[in-house]
Amino acid sequence: MADQSIAEMLSRRVKLANGMSMPQIQLGLYMMSGREAASSVKWALEAGYRGFDSAQWYHNEREAGQSILNFLSANPSLKREDIHFTSKLRDNSTSYDVVRKSIKKSVDTSGLGYIDLFLLHSPYGGREARLTSWKAVEDAVEAGEVKMAGVSNFGVKHIEELMASNPKVHPVVNQIEVHPFNTQLAIRETCEKHGIVIQAYAPLARAMRFKNKTLLAMAKKYGCTAPQIMVRWSIQHGFVTLPKSSQQKRLIENVDVGKFEISQEDMETLDGLDEGLVTDWDPTDAP
Ligand SMILES: NC(=O)C1=CN([C@@H]2O[C@H](COP(=O)(O)OP(=O)(O)OC[C@H]3O[C@@H](n4cnc5c(N)ncnc54)[C@H](OP(=O)(O)O)[C@@H]3O)[C@@H](O)[C@H]2O)C=CC1
């Protein structure tokens, strides 16, 4: 696998339980203004990124979608189907209609015609809201508004609850915080059991641990940077990984990870850095 170009790394795809696939490395769009999202998406597409992770909460679905459309019209060899766009439901609701409308609004706002992956952003709201919201997402898939459905920040209990409800549409991913400083073994095991791929958010631990001694020693050994070790760790674990940067140089640096492979022993050393670090929120134990 070593010695792959940036374009090759960005063309890697992960297979999903529903027979579809998605890019393994996608650009995270959290904490980007609309203007930043527009420019970052453009730079990323130029570099070869084909997947983007937005959300209703990020208030940049419109600008990210428009940037994708601009790129597609300037590059007619690429089609809408070559791009993977994710959004997420801001709030679960016990009202089916509220959620259906909210999904339609995201589709319209993005301007992309459909959304590739739509997630419940968190398990908040209780069991009834989770299952009702899921039903609305399933129907949006059946209606073609959304191609695939998944969840985010679901803990073991929430995954088991959803799977026990016999969902019509299989949740293809659970997007959770995962990096060497928070390895989330219990949730990963549960997802694996049910054929749910992990999407690793905050794969760079939001730049909070770049000075960690073990990480720096590893970067020196492999002749790369600390963020590159973190992205490489994430893909070697088989996650779909979502590093965010709104700087052109960094969003290219972060995916230039095809020239080295972390040894099994070093992967285990990195796994051992787990300290349960939460960089933003942790709704995985919500009631
Ligand atoms: N479902 C959920 O609840 C959540 C989902 N997410 C998703 O995951 C994505 C990634 O997570 P996020 O929280 O953004 O954190 P990341 O772990 O991706 O870290 C992003 C931070 O690292 C900095 N950074 C990026 N690359 C470099 C580099 N090469 N050198 C130095 N600093 C760098 C960025 O700054 P700069 O931009 O200035 O480069 C930014 O401050 C989000 O954007 C979002 O799509 C994130 C949190 C919660």
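Residues that are surrounded by fewer than 16 Cβ atoms within 10 Å (Cβ to Cβ) and either touching a residue at least 60 places away in the same chain (Cβ under 8 Å) or within 11 Å of the ligand (Cβ to nearest atom) (or both) within segment 262-271 comprise just one, D271. Can you pull out every residue in segment 177-196 that is aliphatic (A, V, I, L, M), within 14 Å of the ligand (Cβ to nearest atom) and not in a helix (DSSP H, G or I)? V178, the sole residue that qualifies. Counting only residues that are assigned to a helix (DSSP H, G or I) and in contact with a helix residue (DSSP H, G or I) (Cβ under 8 Å, 6 or more places away or on another chain), segment 275-284 holds 1 of them. Any residue that is at positive phi and buried (at least 22 other Cβ atoms within 10 Å of the Cβ) - is there at least one of those in segment 211-229? No: zero hits.
One line per residue, one yes/no per condition, for (1) more than 14 Å from the chain's Cα centre (by Cα); (2) surrounded by fewer than 24 Cβ atoms within 10 Å (Cβ to Cβ); (3) assigned to a helix (DSSP H, G or I); (4) at pLDDT 95 or above:
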| position | (1), (2), (3), (4) |
| --- | --- |
| L119 | no, no, no, yes |
| V137 | yes, no, yes, yes |
| K147 | yes, yes, no, yes |
| V151 | no, no, no, yes |
| F154 | no, no, no, yes |
| I159 | yes, yes, yes, yes |
| M163 | yes, yes, yes, yes |
| K168 | yes, yes, no, yes |
| Q175 | no, no, no, yes |
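For segment 15-48, a residue qualifies if it is outside any helix (DSSP H, G or I) and either crowded, with 22+ Cβ neighbours inside 10 Å or within 16 Å of the ligand (Cβ to nearest atom) (or both), and the qualifying residues are M22, P23, Q24, I25, Q26, L27, G28, L29, Y30, M31, M32, S33.
This table checks each residue for (1) within 10 Å of the ligand (Cβ to nearest atom); (2) of a type in the set (V, I, T); (3) part of a loop (DSSP other than H, G, I, E, B).
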site: A200; (1), (2), (3): yes, no, no
site: R209; (1), (2), (3): yes, no, yes
site: A217; (1), (2), (3): no, no, no
site: V231; (1), (2), (3): yes, yes, no
site: I235; (1), (2), (3): no, yes, no
site: S246; (1), (2), (3): yes, no, yes
site: L251; (1), (2), (3): yes, no, no
site: F260; (1), (2), (3): no, no, yes
site: L273; (1), (2), (3): no, no, yes
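Kindly indicate whether D256 is surrounded by fewer than 16 Cβ atoms within 10 Å (Cβ to Cβ) and closer than 30 Å to G19 by Cα.
So D256 fails the test.
Every test in (1) surrounded by fewer than 24 Cβ atoms within 10 Å (Cβ to Cβ); (2) within 23 Å of V197 (Cα to Cα); (3) not hydrophobic (A, V, I, L, M, F, W, C) is passed by S102 save one, and that test is (2). A Cβ distance below 6 Å, combined with a sequence gap of six or more or placement on separate chains, defines the contacts here; from segment 14-31, residues that are free of Cβ contacts under 8 Å to residues at least 60 places away in the same chain reach residues that are polar (S, T, N, Q) and part of a strand (DSSP E or B) in the pairs K15/S21. The residues on offer are K213, K193, and the sole one that is out of contact with any Leu (no Cβ under 9 Å at 6 or more places or on another chain) and either closer than 17 Å to T269 by Cβ or acidic (D, E) (or both) is K213.
The values are calculated or read from the model by the stated rules, or taken from the named source; none is laboratory data. From a predicted model like this one, the values you see are computed outputs, not experimental measurements. FYI the Cβ positions are ideal-geometry reconstructions off the backbone, even for glycines, and counts take in every protein chain you see.
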